[in-house]
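The values are calculated or read from the model by the stated rules, or taken from the named source; none is laboratory data. Note that this is a predicted model, so its numbers are computed, not measured. Cβ: placed from backbone, ideal geometry, glycine included. Neighbour counts: every protein chain shown. Areas reflect the complete protein model, heavy atoms only, side chains present, ligands, DNA and RNA absent. Shrake-Rupley method; radii C 1.70, N 1.55, O 1.52, S 1.80 Å.
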Amino acid sequence: MDFLYDPQAIETRSREIIAARVGDLGLEPGARAIVTRIIHATGDLGYADLVVCHPRLVPAATAALRQGADIITDVEMVRNGISSHLVSRGGGRVICAIREEQVRQEAAARGETRAMVAMEYLAPRMEGAIIAIGNAPTALFRLLELMAGGRAAPAAVVGTPVGFVGAAEAKAALEKAGVPYLTVRGPKGGSTVAVAAINALLHLTWDGEE
């Protein structure tokens, strides 16, 4: 069996395979770059049919990042995967509160997930921010409640929580929330997907392309 060993050749061939699949979707360039990065990160061409990108997501998110928007995440895995040096170019930070002691205590007292309480904890910092939820459907549900109640006003939401309980429902609700968003329909998703989408937006912000 023949293998490619050259990193650039592997990258080029990977993108050729992905482009052949994504090219049929009729996406605008920004959305196509995001979907391409998600497929590249997951090795799953099926995401071409599952990713939904609001038409205002790319302009809203890139404008916010240039103005120094923070990126707020549901879990540390998402925070750690995001290119912090690209976020810092605009003056923003990547923030996650799930390990905060106050969040731990409040979640235990209420019998709720830490991801839910963390969204509340960070709500005052969400004005104009970008929210990236890749793991916890409960975090997305709580974010939507905060938005509906006027307690959170993010510039954009990347909501790709994974799972068979609540994930599809939370993501369907996001599509109706009136905020620029990216999501993945059905139970698929995860932190890797959220990270790939955010990093694609960061490259679109500072490089103009993927």
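For Val94, the residues whose amide H sits under 5 Å from its own are Ile71, ignoring neighbours fewer than 5 places away on the same chain, with H placed 1.01 Å from N.
In degrees between 0 and 90, to the nearest 10, how far off the longest principal axis of the chain does helix 7-22 point, with axes built from Cα atoms? Its long axis makes an angle of about 80 degrees. Does segment 146-210 classify as rounded, prolate or oblate by the C-alpha gyration tensor (a ≥ b ≥ c root eigenvalues; a/c under 1.5 gives rounded; else a/b over b/c gives prolate, otherwise oblate)? Oblate, since a/c reaches 1.5 and b/c is not below a/b.
With a simple spin-label model that places each label point 7 Å from the Cα along the Cα-to-Cβ direction, the separation between Ala148 and Lys176 comes to 0.9 nm.
Computed over the chain with a Gaussian network model linking Cα atoms closer than 10 Å, the most mobile of Glu175, Glu145, Glu11 is Glu11. Residues whose amide H comes within less than 5 Å of that of Ala156, counting only those at least five positions distant or on another chain, are Ile131 (H built at 1.01 Å from N in the peptide plane). Averaging Cα coordinates gives a centre for segment 52-111 and one for segment 162-177; these two points are 19 Å apart. Each of Ser14 and Trp206 was given a label point 7 Å from its Cα along the Cα-to-Cβ line. The distance between the two points is 2.0 nm.
Summarised as an ellipsoid, segment 83-210 has semi-axes of 23, 18, 14 Å, derived from the eigenvalues of the Cα gyration tensor scaled by 5 and square-rooted, with the largest first.
Couplings 3J(HN,Hα) of segment 59-66, computed from phi: x, 5, 5, 5, 5, 5, 5, 5 Hz, in residue order, whole Hz [Karplus 6.51 cos²θ - 1.76 cosθ + 1.60, θ = phi - 60°; x for Gly and Pro]. In the assembled protein chains, Ile17 presents an accessible area of approximately 80 Å² (probe radius 1.4 Å).
For the chain, with all protein chains in place and a probe radius of 1.4 Å, 51% of the accessible heavy-atom surface sits on carbon or sulfur. By the Kirkwood approach, averaging reciprocal distances over each pair of separate Cα atoms, segment 1-153 gets a hydrodynamic radius of 17.5 Å. How high is the FRET efficiency between Ala109 and Asn80 when r is their beta carbon distance and R₀ equals 22 Å, given to the nearest 0.05? The formula returns an efficiency of 0.20 here. Computed with a 1.4 Å probe over protein heavy atoms only, the accessible surface of segment 144-210 comes to 39 Å² per residue. Using just its DSSP H runs of length 4 or more, each adding -39500 (n - 2.57), the chain gives a mean residue ellipticity at 222 nm of -15500 deg cm²/dmol after division by all residues.
Averaging the sequence gap over all C-alpha pairs within less than 8 Å and six or more residues apart, then dividing by the number of residues, gives the chain a relative contact order of 24 percent.
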